[in-house]
Amino acid sequence: MADLVRRPFWEKKTLAEMSASEWESVCDGCGKCCLHKLEEHDSGEVYYTDVACRLLDTSACRCGDYTARHKLVPDCMSLRQSDPNDLYWLPYTCAYRVLAEGRELEDWHHLISGDVNSIHDAGMSVRGRCISENDVQGIDYEDRIIHWIE
């Protein structure tokens, strides 16, 4: 029983059981969910591009207007409202997907390392690897598909 008490909340609770602040703290800050994606209709395979949502601060890897994001970007997904079984489109390394699949957080996750920059230091974020949709016009997203996301 004492072992259960000492375990961190993300090991004791499901995503659905987490409080709002616990839920928000799970985000690893990679920014990968904010990249534009293409989904193949027949196979359902998801392809990431290096083009980020216009709200993503590509240096901080955080939303520039998190509170109003759904109003400003109507197709922005609300992960909290999603069925954990439908998180297949998130990268394999995403903390929400990791926990939904019963895996352990990586050493570079800030809840493990204690350092919010460890994800960037480990090269697991989009920092320096993407462009904002504000900086491009008339692009063919198929030409922007990337293969470095797990």
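What the table shows:
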item	result
Some residue of segment 133-146 being at pLDDT 95 or above, aliphatic (A, V, I, L, M) and closer than 16 Å to Cys30 by Cβ	yes
Matching residues in segment 110-120 - criterion: being in contact with a Ser or Thr (Cβ under 9 Å, 6 or more places away or on another chain) and within 17 Å of Glu150 (Cβ to Cβ)	Ile119
Segment 112-135 residues that are without any contact (Cβ under 8 Å) to a residue 12 or more places away in the chain, paired with ones that are assigned to a loop (DSSP other than H, G, I, E, B) and surrounded by 20 or more Cβ atoms within 10 Å (Cβ to Cβ) (beta carbon under 6 Å, 6 or more apart)	Ser118/Trp108
Selected residue (criterion: surrounded by the most Cβ atoms within 10 Å (Cβ to Cβ)) from residues of segment 28-57 that are modelled with pLDDT under 95, assigned to a loop (DSSP other than H, G, I, E, B) and of a type outside the set (Asp, Glu)	Gly44
Residue in segment 60-68 that is in a loop (DSSP other than H, G, I, E, B), more than 25 Å from Asn117 (Cα to Cα) and of a type in the set (Asp, Glu) present	no
Tally, over segment 55-78, of residues that are in contact with a Cys (Cβ under 8 Å, 6 or more places away or on another chain) and free of Cβ contacts under 8 Å to residues at least 24 places away in the same chain	6
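The values are calculated or read from the model by the stated rules, or taken from the named source; none is laboratory data. The model shown is predicted, which means the values in this text are computed figures rather than measured ones. Virtual Cβ from ideal backbone geometry, glycine too; neighbours counted across all protein chains shown.
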